[in-house]
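Data block below; observations after.
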Amino acid sequence: FDPAAAKQELAAAGFNPATMPPLPLAVRADNVDAKIIAESIAADLKKNLGVKVQPQTLDWGTMLKLRNEGKLPSAFLSWYADYV
């Protein structure tokens, strides 16, 4: 965790958080935990780097379709083992 170094990396890559459009972050509409995590990610990036993140809730089918087509700039997905 090094916000100063992260800001330098953003600048070196040519990004200025003040002029960047909000970064869309897709989350499943039916996953309350994912929404909470996305809001926390958005708050942390805004606070520490000045990067605006816009959580977007999508139904699962739409999210999979867009992911498979490579049309999601970023998404919060998780997987948990369903076996011992």
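The values are calculated or read from the model by the stated rules, or taken from the named source; none is laboratory data. Remember, predicted model here, so these are calculated numbers, not experimental data. Keep in mind that these areas ignore ligands, DNA and RNA; they rest on the heavy atoms of the full protein, side chains included. Shrake-Rupley method; radii C 1.70, N 1.55, O 1.52, S 1.80 Å.
Normalised per residue, the accessible area of the chain is 73 Å², obtained with a 1.4 Å probe and no contribution from ligands, DNA or RNA. Look at (i) 7.2; (ii) 5.3; (iii) 8.9: the one that is mean projected area of the Cα convex hull in nm² derived from this structure is (i). Of the listed residues Phe15, Phe76, Phe1, the order by accessible area with a 1.4 Å probe, largest first, is Phe1, Phe15, Phe76. Of the solvent-accessible surface of the chain, computed with a 1.4 Å probe and all protein chains present, 58% belongs to carbon and sulfur.
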